[in-house]
Amino acid sequence: MGMYTELVLAVSLEELPEYHERVLKWFGEPLNPLELKSEHPFFKCERWDTLGRYGLYHRHYNFQKDKYSDFHCLDIRCELKNYDDEIEKFLDWISPYLIDGFCGYMRHETREEPTLIYSSKRKIVFINSINLEKCDRYDEFNEVCGCHECVEKMSRRSH
């Protein structure tokens, strides 16, 4: 069966290119074939197309234009096999369009504590929710590592 990682994400995106919009709509309605035009590492993952579409216990996917602004809203709750860092690579793919702030969390089925997900200055920041210690696995995707000192530095830059 494999090990699963839960993803809960609620974000706003701005200045979204038409191709990104089409792909994000496709996740919600994968009835038509999708022509991939991206070389991003996310699309090289074996299970890239399962994001938001499967869940052992929970599955929710909603992508729509906000009624009151030019933003797009994306809500995902699912469980998936994150063996090739599909979640991290997906977040990296959408990060240039994310509005800064809390995005959600991910939690591996063998851990009680979630990893919090933030967007800051168009970058994704992963934070260990229990003790805010450095999380080495995510360094390649971040300008800051997620330790308490870096989180403080990130907070000062965003004000």
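Can you tell me which residues in region 11-27 are among the acidic types (Asp, Glu) and not in a helix (DSSP H, G or I)?
Glu14, Glu15
Could you tell me which residue of region 64-83 is nearest to Tyr4 (Cα to Cα), considering only residues that are touching a strand residue (DSSP E or B) at 6+ places or on another chain (Cβ under 7 Å) and without any contact (Cβ under 8 Å) to a residue 40 or more places away in the chain?
Within region 64-83, the first condition is being touching a strand residue (DSSP E or B) at 6+ places or on another chain (Cβ under 7 Å), and the residues that meet it are 64-66, 71-80, 82.
Add one more test, that the residue is without any contact (Cβ under 8 Å) to a residue 40 or more places away in the chain, and what stays is 64-65.
Working: Gln64: 27, Lys65: 30 Å.
Selected residue: Gln64.
Between Tyr68, Tyr83, which is hydroxyl-bearing (Ser, Thr, Tyr), at pLDDT 90 or above and surrounded by fewer than 17 Cβ atoms within 10 Å (Cβ to Cβ)? Lay out the reasoning, then the answer.
On the way: Tyr68 fails: at pLDDT 90 or above.
Only one candidate passes the filter, namely Tyr83.
Scan region 86-117 residue by residue and report those that are aromatic (Phe, Trp, Tyr) and buried (at least 22 other Cβ atoms within 10 Å of the Cβ).
Phe90
Filter region 84-113 down to the residues that are assigned to a loop (DSSP other than H, G, I, E, B) and in contact (Cβ under 8 Å) with a residue 60 or more places away in the chain and list them by number.
Matches in region 84-113: Ile99, Glu109, Thr110.
Select from region 74-90 the residues that are aromatic (Phe, Trp, Tyr) and under 11 Å from the mean Cα position of the chain (by Cα) and list them in ascending order.
Result: Phe90, single match.
Tyr138: touching an Asp or Glu at 6+ places or on another chain (Cβ under 8 Å), surrounded by 15 or more Cβ atoms within 10 Å (Cβ to Cβ) and either at pLDDT 90 or above or farther than 17 Å from Val23 by Cβ (or both), yes or no?
yes
Between residues in region 1-18 that are surrounded by fewer than 17 Cβ atoms within 10 Å (Cβ to Cβ) and residues that are of a type in the set (Phe, Trp, Tyr) and in a loop (DSSP other than H, G, I, E, B), which pairs lie under 6 Å by C-beta distance while being six or more apart or on different chains?
Hits for this filter: Glu14/Phe71.
The values are calculated or read from the model by the stated rules, or taken from the named source; none is laboratory data. Predicted model only: the values in this text are computed from it and were never measured. Virtual Cβ from ideal backbone geometry, glycine too; neighbours counted across all protein chains shown.
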